[in-house]
Amino acid sequence: MKSNINILAIETSCDETAASVVRNGREVLSNIISSQIEIHKIYGGVVPEIASRRHIEKINQVIEEALKEANVTLDDIDAIGVTYGPGLVGALLVGVATAKAISFAANKPLIGVHHIEGHVSANYIENKELEPPFLCLIVSGGHTHLVLVKDYGEYEVIGKTRDDAAGEAYDKVARAIGLGYPGGPKIDKLAKEGNSRAIVFPRAHIEGAPYDFSFSGLKSAVLNYLNSCEMKHEDINRADVAASFQEAVVDVLVSKTIQAAKDYNMKKVAIAGGVAANSALQKAMKEACIEHGFEYYHPSPVFCTDNAAMIGCAAYYEYIKGRLSGLDLNAVPNLRIGER
């Protein structure tokens, strides 16, 4: 095998059109992201049809920029990696179709990548020393998982949400207190001005499933609190609501992660996904890991949110294991982690 393997990666699972060139799984030569946040902000969330059309408009331009910034051409690329699930089916199809076209036209191997496995792999980019096995908490708008990373490309899900993902709860609570979309960063910012002990919101613990999550009850508790205040004509301190809600989410995420690390004798703990950029979660997880003697890893914010560099990293480890895809690769919107 060549000493340097260059992967051109494409990510279009939701509302970011992204392309990246990654060398040897850990060196990011380029990472181009075209965000649609300003478009979807008008509607209070992602509109799938609009997202798909925007991907079509931007995909070629983003790929060209990624190659240019990396100072390579398609001749220098060894394989094409692309997210094929989970995600919005229309958005995924744009990336998959584009990747297949490039693969066929340039005669390059094609590698379908699981979006969540990409998030896990984001930890490898800046933490060169990190190698499996480790425990990873994945928290995003659509997913909340506790995963044992046994080896590169080998995963076991030991916990997941039973209802709302953490990021989804953030967006719904943000909308309820008038912050708008995207909710996660706005609640994180406002919470810094509030008292996290002002309101006691519930922490869900599921009988017989110590590593599973549930955030719908917490979301409902926040909505009930707001409605109660309005009915009683009481003032609502939005900063206190944001801080107290965030405290409840972070408390559950950290406590379950630390317990799982103990139970499975993991020495290393990582976090990934869009909510992993949350300052309160990062601070609490770091402090808990130090207290209990675990090594702690997390990506920079740019690699927490959707990006193609993480897809290129995951694709590299699939490539060296010989796990290639055919031109019959299709979008799988409900793809489970670990499935092939």
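The values are calculated or read from the model by the stated rules, or taken from the named source; none is laboratory data. In this text the structure is predicted, and so the values were computed from the model without any measurement. Glycine also receives a Cβ, built like all others from the backbone with ideal geometry; neighbour counts cover every protein chain displayed.
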Within the stretch 138-162, which residues are buried (at least 22 other Cβ atoms within 10 Å of the Cβ) and of a type in the set (Asp, Glu)?
-> none
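Results for (1) in a helix (DSSP H, G or I); (2) under 17 Å from residue 312 (Cβ atoms), shown as yes or no for each residue.
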{"site": "14", "(1), (2)": "no, no"}
{"site": "33", "(1), (2)": "no, yes"}
{"site": "38", "(1), (2)": "yes, no"}
{"site": "49", "(1), (2)": "yes, no"}
{"site": "52", "(1), (2)": "yes, no"}
Residue in the stretch 226-235 that is of a type in the set (S, T, N, Q), free of Cβ contacts under 8 Å to residues at least 12 places away in the same chain and either in the same structural domain as residue 170 (by TED's automatic domain parsing) or more than 28 Å from residue 37 (Cα to Cα) (or both) present = yes
Filter the stretch 110-133 down to residues that are buried (at least 22 other Cβ atoms within 10 Å of the Cβ) and either basic (Lys, Arg) or within 13 Å of residue 266 (Cα to Cα) (or both), then give me how many there are.
-> 0
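Yes or no, residue by residue, for (1) at pLDDT 95 or above; (2) part of a strand (DSSP E or B); (3) within 19 Å of residue 278 (Cβ to Cβ):
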{"position": "105", "(1), (2), (3)": "yes, no, no"}
{"position": "119", "(1), (2), (3)": "yes, no, yes"}
{"position": "135", "(1), (2), (3)": "yes, yes, yes"}
{"position": "159", "(1), (2), (3)": "yes, yes, yes"}
{"position": "163", "(1), (2), (3)": "no, no, no"}
{"position": "169", "(1), (2), (3)": "no, no, yes"}
{"position": "172", "(1), (2), (3)": "no, no, yes"}
Which numbered condition residue 220 fails, given (1) surrounded by fewer than 17 Cβ atoms within 10 Å (Cβ to Cβ); (2) over 23 Å from residue 88 (Cα atoms); (3) in contact with a His (Cβ under 9 Å, 6 or more places away or on another chain) = (3)
Which ranges mark the helices (runs of 4 or more DSSP H) fully within the stretch 237-340 that have 1 or more residues being surrounded by fewer than 24 Cβ atoms within 10 Å (Cβ to Cβ) and among the basic types (Lys, Arg)?
-> 238-263, 279-292
Given 59, 50, which one is modelled with pLDDT under 95 and either touching a helix residue (DSSP H, G or I) at 6+ places or on another chain (Cβ under 7 Å) or acidic (Asp, Glu) (or both)?
-> 50
Those residues that are of a type outside the set (A, V, I, L, M, F, W, C), within 24 Å of residue 36 (Cα to Cα) and in contact with a Pro (Cβ under 7 Å, 6 or more places away or on another chain), I need them from the stretch 82-135; list them, please.
-> 85, 86, 87, 90, 115
Do we have any residue at all in the stretch 75-83 that's touching a Cys at 6+ places or on another chain (Cβ under 8 Å) and either modelled with pLDDT of 95 or more or not basic (Lys, Arg) (or both)?
-> no
